[in-house]
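We did not get these values from a lab; they are worked out from the coordinates using the rules stated. This is a predicted model, so every value here is computed, not measured. Neighbour counts are summed over all protein chains in view; Cβ atoms, including those assigned to glycine, are modelled from backbone coordinates with ideal geometry.
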Amino acid sequence: MDYWTVPFYNTKEDKVSVIVWNNKDDEPIDVNFIINGDKLITFNNIKKYEWKMNDVGNINDINSILILVNGKLKTNIILNDDNRQLFKDTNYSIHT
């Protein structure tokens, strides 16, 4: 799945945010981010070339991000003490 459904580190706020962009389907897509197995962030009816963003929470409080597109598993990201800094260093926003 090559949908643009991306969690990233918000350097200004020291938290994780997510962005969804329907870059390919003529039909709207639905995207769910399941955080730590219990918090649900939902984006419904994202039309072609439409994008939306939302905040997830503090980077240190997030241990997993499961991404579903139209009910199908896209990605399962695991964050822990060994890779949290790598996530911050490779998936971040720049604020000028």
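Between E50 and residues 5 or more places away or on another chain, which pairs have amide H atoms under 5 Å apart, with H built 1.01 Å from N, and which residues are they?
Those lying under 5 Å, H to H, from E50 are N22.
Compare the Cα positions of N23, Q85, N60 along the charge dipole of the chain (+1 at Cβ of Lys, Arg; -1 at Cβ of Asp, Glu; about the Cα centre) and return the one farthest towards the positive end.
N23
Relative contact order (percent) for the chain, with alpha-carbon contacts under 8 angstrom and 6 or more residues of separation?
Relative CO of the chain lands at 30 percent.
Just order 2-15, 47-60 by mean Cβ neighbour count inside 10 Å, highest at the front, would you?
Ranked by mean Cβ neighbours within 10 Å, highest first: 2-15, 47-60.
Taking θ as phi - 60°, what are the ³J(HN,Hα) couplings along region 77-84 by the Karplus curve (6.51, -1.76, 1.60), each to the nearest whole Hz, with x for Gly and Pro?
9, 10, 10, 8, 4, 7, 10, 4
Please list log₁₀ I(q)/I(0) at q = 0.17, 0.20, 0.23, 0.24 Å⁻¹ for the chain, using the Debye equation with identical point scatterers on the alpha-carbon positions.
Listed by q, the Debye log ratios stand at -0.72, -0.97, -1.21, -1.28.
May I ask you to give the average projected area over all directions of the convex hull of the Cα atoms of region 19-62, in nm² rounded to one decimal?
Reported value for the Cα convex hull: 3.2 nm².
About the Cα centre of the chain, what is the dipole size in debye to 20, counting +1 per Lys and Arg Cβ and -1 per Asp and Glu Cβ, all else neutral?
In total the dipole reaches around 120 debye.
Once phi is turned into ³J(HN,Hα) by the Karplus curve 6.51 cos²θ - 1.76 cosθ + 1.60 with θ = phi - 60°, what whole-Hz value does each residue of region 50-66 show in order, with x for glycine and proline?
8, 9, 8, 10, 7, 8, 9, x, 4, 4, 6, 9, 9, 10, 8, 9, 9
May I ask for the distance between the Cα centers of region 1-42 and region 80-95, given as a whole number of Å?
So the two Cα centres are separated by 16 Å.
Putting +1 on Lys and Arg Cβ atoms and -1 on Asp and Glu Cβ atoms, find which of N76, N10, W51 reaches farthest to the positive end of the dipole of the chain.
In the chain, that residue is W51.
So what is the relative contact order of region 53-96, in percent, for Cα pairs below 8 Å that sit 6 or more residues apart?
That works out to 27 percent.
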